[in-house]
Amino acid sequence: MEQITVSSKGQIAIPKAVRDALNLSEGAKLTLEVRGQEIVLSKEPAWKKLQGAAGDREHDGRIRRFQETGARS
């Protein structure tokens, strides 16, 4: 476990070893979730980047259902 410090602007730096392990680069999108006294950062799944690409809400819903259930609708 690594310890990080919050800057005066509320920013944190993700250690290089973690960035490398998750293949994070500049501009990567992360999801932040608060769980009690914990902060959880998650890398956005690759399939999420496809949502909205076609601008078709029904298409986006099918991608989501397929990803969640593993079956096509």
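Scanning the range 1-39 for residues that are surrounded by 10 or more Cβ atoms within 10 Å (Cβ to Cβ) and among the polar types (S, T, N, Q) yields a total of 1.
The residues in the range 21-37 that are closer than 16 Å to Gln11 by Cβ and either in contact with a Ser or Thr (Cβ under 6 Å, 6 or more places away or on another chain) or in a strand (DSSP E or B) (or both) can be counted, and the count is 2. Ile63 passes every criterion in (1) of a type in the set (Val, Ile, Thr); (2) in a helix (DSSP H, G or I); (3) modelled with pLDDT of 90 or more; (4) out of contact with any Asp or Glu (no Cβ under 9 Å at 6 or more places or on another chain) apart from (3). Go through (1) modelled with pLDDT of 60 or more; (2) surrounded by fewer than 11 Cβ atoms within 10 Å (Cβ to Cβ) and name the single condition Gly52 misses. Unmet condition: (2).
The values are calculated or read from the model by the stated rules, or taken from the named source; none is laboratory data. What you are looking at is a predicted structure, and each value in this text was computed from that prediction instead of being measured. Heads up, the Cβs are rebuilt from the backbone with ideal geometry, glycines too, and the neighbour counts pull from every protein chain shown.
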